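The values are calculated or read from the model by the stated rules, or taken from the named source; none is laboratory data. Predicted, not measured: the structure shown is a model, and the values here were computed from it. Cβ placement follows ideal geometry from the backbone for every residue including glycine, while neighbour counts extend to all protein chains displayed.
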Amino acid sequence: MNRILRPRAAAFGAAALVVAVGISGCSASNEGDSSSSDGTSSSLSGDLNGAGSSAQEAAMAAWKAGFQSSNPDVTVNYDAVGSGGGREQFLAGGVQYAGSDDYLSDEEATKAQKTCNGEAIEYPVYVSPIAVIYNLPGVDQLQLTPQTLASIFAGKITTWDDAAIAGENPDAKLPSSNITPVHRSDESGTTGNFTDYLSQAAPQQWTYGPVESWPIKSGEGADGTSGVVSAVKGGDGTIGYADASQAGDLGKAMVEVGGEYVGPTPEAASQILDVSKPAPGATDTNITIEVNRTPSEAGVYPIVLVSYQMVCSTYDSQDTVDLVQGFASYVISSDGQQAASQAAGSAPITDSIREQAQAAIDMISTSS
């Protein structure tokens, strides 16, 4: 599951979709009636503000460019403050949409009902591998079992020539230098997904559970995805985790799955949808996935984030509804998914998820 600590416990009633009050501060001007199903309509105009996942930053840049190209009178803004910060701004009514690498908890969903005067709508926008990035001169390929990886980030394996690492990389020339694990210092959906993997795949080595805030005082903390990447680039012997699209030329470790080592490719990440199931409490308007972190099938990369977009079910004007529906429809469209894949190396959502998401987006209404 994407958020195993706080899964959605129950579905909200469909009547919540038509509660007649909109979110404060969510307004825009519009010169036409509505957008087409793929979000392309030159009649749209105004500002659309969002915040959230820094892992979505590369994809969001592509989505903004594609949508604004077809809608030149629209300005889409996105503040990549991290998943936790994005959900916080969304629930406070400060932005009209949010990006998150975790879905809403029960507590957050209750807050969303007050903010949106109806439930929030959540749907996946892409699947992206979380790469285990490293900077180890002379080691071009690194293979790690879940147990060894968890031991490194738990501070139990501290040098690169440790017997466990050496046994998994018999051909590598491993130095005797210390390992510096780099983790996110901010509340992060990427951390939540990474620790969810560690806790399920190596529970004896990682005993801290799935958490969005790093639970132990070890290694080096860095703010945001870009901060982790920068910290790993800046020091020999470092290892961290980051959305694969932003890993650049850093080394990317392969992890053991089904007796083979698998790398963080979009193709390997996309297969996770075929071996996962809906999260507990998933509904027609909360399309959430319980990620299978321990697949037995070879070729499936399990350290992934299923990245979500969140919008309200009601807004205070038809102008805002048109903007939100237009942008949301473009993001999940074939064109939008292709743009994200090219820019971020992400795996597109499936046709089935697209159909479910579009049906939910079509339900967005005004307060009048």
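Here are some notes:
- Scan of segment 280-306 for residues that are over 17 Å from the mean Cα position of the chain (by Cα), among the polar types (S, T, N, Q) and buried (at least 17 other Cβ atoms within 10 Å of the Cβ), ordered by number: Thr283, Thr285
- Restricting attention to segment 85-134, the residues being surrounded by fewer than 21 Cβ atoms within 10 Å (Cβ to Cβ), touching a Ser or Thr at 6+ places or on another chain (Cβ under 9 Å) and closer than 25 Å to Gln246 by Cα number 0.
- When each of Pro215, Pro210, Pro203 is tested for being on the phi < 0 side of the Ramachandran plot, over 22 Å from the mean Cα position of the chain (by Cα) and not polar (S, T, N, Q), the lone residue that passes is Pro203.
- In the set (1) touching a Phe, Trp or Tyr at 6+ places or on another chain (Cβ under 7 Å); (2) under 18 Å from Ala343 (Cα atoms); (3) among the hydrophobic types (A, V, I, L, M, F, W, C), Ala62 fails one condition alone, (1).
- Considering Val232, Val255, the condition of being part of a strand (DSSP E or B), within 18 Å of Ile130 (Cβ to Cβ), outside the structural domain of Tyr97 (by TED's automatic domain parsing) and of a type in the set (Val, Ile, Thr) is satisfied by Val255 alone.
- Residues of segment 65-76 classified as buried (at least 21 other Cβ atoms within 10 Å of the Cβ) and either assigned to a helix (DSSP H, G or I) or not assigned by TED's automatic domain parsing to the domain that holds Asp335 (or both), total: 2
- Criterion (at pLDDT 95 or above and surrounded by fewer than 21 Cβ atoms within 10 Å (Cβ to Cβ)) met by exactly one of Lys217, Lys233: Lys233
- Condition met for Thr225 (in contact with a Pro (Cβ under 9 Å, 6 or more places away or on another chain), hydroxyl-bearing (Ser, Thr, Tyr), under 30 Å from Ile332 (Cβ atoms) and not assigned by TED's automatic domain parsing to the domain that holds Ser105): no
- Here Pro266 fulfils each of the conditions (1) outside the structural domain of Arg354 (by TED's automatic domain parsing); (2) touching a helix residue (DSSP H, G or I) at 6+ places or on another chain (Cβ under 7 Å); (3) modelled with pLDDT of 90 or more apart from (3).
- Scanning segment 138-156 for residues that are crowded, with 21+ Cβ neighbours inside 10 Å and out of contact with any Pro (no Cβ under 7 Å at 6 or more places or on another chain) turns up Leu142, Leu144, Pro146, Thr148, Leu149, Ala150, Ser151.
- The helices (runs of 4 or more DSSP H) found entirely in segment 272-368 that carry 2 or more residues being touching a strand residue (DSSP E or B) at 6+ places or on another chain (Cβ under 6 Å) and more than 30 Å from Gly259 (Cα to Cα) are 318-332, 351-361.
- Hey, Lys277 within 20 Å of Ser188 (Cβ to Cβ) and within 20 Å of the chain's Cα centre (by Cα) or not: no
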